[in-house]
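Following: one structure in C-alpha cells, then a few remarks.
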Ligand code: S3P
C-alpha cells in the first residue's frame with residue numbers, strides 16, 4: 001500500500017507575493033507548524049542569503065534548497081513556505097507535490113516590483129533593471145509553478161487574512177478527499 005500524502009500546505013510563488021506572511025496566518029488558523037525553506041537554509045549555512053550567493057553562487061544556494069526540501073518529507077500538519085526559485089530545479093517538483101497541497105500564490109507585476117525593491121535582501125533582484133528582471137523570470141517560471149501546483153491564487157488587491165481564509169477552506173476540502181475510503185467497485 002502507498003504511504004498516504006501528509007496534510008501539509010506548501011506555498012510556492014515568485015518573490016514578494018507574500019508566502020511567508022500568508023503562511024504564518026494559515027499556520028495560526030489551522031494550528032499547524034510553520035516552516036520556511038529560506039529560513040532553514042540561513043540557519044544551516046550560518047549566514048544570510050546574499051552571502052550564500054556571494055560565496056557559493058546560485059548553484060550552491062539551489063543545492064542547499066534541495067537538501068532542505070528533502071528533509072521536510074517527514075513533516076505533518078505544517079505550512080511550508082518556499083523560496084521563489086524552488087521550482088527551477090526539476091527534481092524539486094515531485095518532492096513539493098509529495099509534501100502536500102501545493103498552492104501557487106501570484107501577484108501583479110507592479111505589486112511584486114514594489115515589494116522586492118523595498119529592500120536589498122534578494123540577490124537576483126540586484127540588477128540595473130529590476131522590472132525587466134521580474135518579467136524575464138516570470139516568463140521562465142510561471143509554467144513551472146503551474147506544473148507544480150494543485151491550486152493557484154491571485155493575491156492582487158486582497159488582504160492576506162482573506163487569502164489565508166480561502167486557502168484554508170480549499171485545503172480542508174482537499175485533505176478530506178485524501179481521507180475518504182476508496183470508491184466501491186461496480
Ligand atoms: C529566490 C527567492 C528568495 C530566496 C532567494 C532566491 C528566487 O525567496 O530563496 O533570494 O530565486 O526567486 P523569496 O521568494 O521568499 O523572496
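Computed over the chain with a Gaussian network model linking Cα atoms closer than 10 Å, the most mobile of 103, 42, 17 is 42. Computed extension gain for residue 136 through residue 91, at 0.36 nm per residue and net of the alpha carbon distance, reaches 14.0 nm. For helix 160-179, what angle does its Cα long axis make with the longest principal axis of the chain, in degrees from 0 to 90 and rounded to 10? Roughly 40 degrees, rounded to the nearest 10. Largest GNM mean-square fluctuation among 38, 129, 121, using the chain with Cα springs under 10 Å: 129.
Taking the C-alpha atoms only, the angle from helix 49-71 to the longest principal axis of the chain is near 10 degrees. Start at zero, step by 5 Å, and the Cα-Cα distances of region 8-175 spread as 1, 9, 19, 22, 22, 17, 8, 2, 0 percent across the bins. Taking 33, 77, 159 as the candidate residues, the one with maximal mean-square fluctuation in a Gaussian network model of the chain, Cα springs under 10 Å, is 159. Given a Förster distance of 25 angstrom, what is the FRET efficiency for residue 152 paired with residue 71, based on the Cβ-Cβ distance and rounded to 0.05? Once rounded, the FRET efficiency stands at 0.40. Here the residues 37, 73, ranked from fewest to most Cβ neighbours within 10 Å of their Cβ, fall in the order 73, 37. Rounded to 0.05, the FRET efficiency of the residue 168 and residue 120 pair, given R0 = 30 Å and the Cβ-Cβ distance, is 0.35. Ranked by how many other Cβ atoms sit within 10 Å of their own Cβ, fewest first, the residues 170, 176 fall in the order 176, 170.
Rounded, prolate or oblate for region 48-131? Axes are the square roots of the Cα gyration tensor eigenvalues, ordered a ≥ b ≥ c, and the cut-off for rounded is a/c under 1.5. Because a/c hits 1.5 or more and a/b fails to exceed b/c, region 48-131 counts as oblate. For region 106-146, the extents of the C-alpha atoms along the principal axes are 27, 17, 16 Å, listed from largest to smallest.
Using only Cα atoms and rounding to the nearest 10 degrees, what angle (0 to 90) does helix 19-30 make with the longest principal axis of the chain? Once rounded, one gets 30 degrees.
Kindly provide the helix-only [θ] at 222 nm of the chain, computed as the sum of -39,500 (n - 2.57) over DSSP H runs of four or more divided by all residues, to the nearest 500 deg cm²/dmol?
-17000 deg cm²/dmol
Read-outs throughout are calculated quantities, based only on the coordinates presented, and are distinct from any laboratory measurement. Keep in mind it's a predicted model, so treat the numbers as computed, not measured. FYI the Cβ positions are ideal-geometry reconstructions off the backbone, even for glycines, and counts take in every protein chain you see.
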